[in-house]
Amino acid sequence: MFGFRNIESRIKKEQQFREVQWHQDFWKCIEDLARHPVVLRMKLYAHHGNTNCYQHCMNVAYYNYKLCRFMHLDAVSAARAGMLHDLFLYDWHTHAKKTGDHFHGLTHPKTAYKNASKFWKLNRVEKDIILTHMWPLNFFRFPKTKEGWITVLTDKFCGACETSKRR
Ligand SMILES: [Fe+2]
Ligand SMILES: [Fe+2]
């Protein structure tokens, strides 16, 4: 009995240590993006519920990192692209009225990709994640990477949680 408890508490401690370690590793790989003035501008725009665009991207980046690292995929690219995937830099609630673009859902991945490309050299996985995260809305532009498919899920999951938290 004593031995079993010992093992149990050791496993718990190791899990806690891994949690902290992964959290630190996550922050290290997105820190430059998270502090960049262009990315910080996303804080100005409401996104889902009471969540702004910056917080939403941070949520997606975090889940991307954890899932991809757990599955031994490219967690760094998944986190970085998660942080940039909605870098369209306008309030989508008023966007159609102001610009006449009624297809924000379809057009914003390309806008985010263009904005992000101005400041960072994006790799194949990052490009795929940003351009295809709205699947199946843009049905013919589906992910070509596993990290892209994961982002399709994390983006919807985070969006649903953020919307349901609205008070
Ligand atoms: Fe999006
Ligand atoms: Fe998103």
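Any read-out appearing in this document is the output of simple, stated calculations on the displayed coordinates, not a laboratory observation. Note that the coordinates shown come from a computational prediction; the quantities given were computed from them, not determined experimentally. Heads up, the Cβs are rebuilt from the backbone with ideal geometry, glycines too, and the neighbour counts pull from every protein chain shown.
Quick notes
- Using C-alpha pairs under 8 Å with a sequence gap of at least 6, the mean separation divided by the residue count of the chain gives a relative contact order of 22 percent.
- This ranking places E31, E162 by how few other beta-carbon atoms lie within 10 Å of each, fewest first, which gives E31, E162.
- Ellipticity at 222 nm from helices only: DSSP H runs of n ≥ 4 in the chain, each -39500 (n - 2.57), divided by the residue count, give -23000 deg cm²/dmol.
- Neighbour net charge for E19 - beta-carbon separation under 13 angstrom, K R +1, D E -1: +3
- Summed side-chain charge close to L89 - residues other than L89 whose Cβ falls under 12 Å, Lys, Arg +1, Asp, Glu -1: +2
- Sorting D74, D86 by the number of Cβ atoms found within 10 Å of their own Cβ, with the fewest placed first, yields D74, D86.
- For K156, K43, order by how many other beta-carbon atoms lie within 10 Å, fewest first: K43, K156
- Model label zone, K98; criterion: amide N under 17 Å from point 7 Å along Cα-to-beta-carbon; scope the stretch 57-83: none
- Computed from Cα positions, the angle between helix 75-84 and the longest principal axis of the chain comes to roughly 30 degrees.
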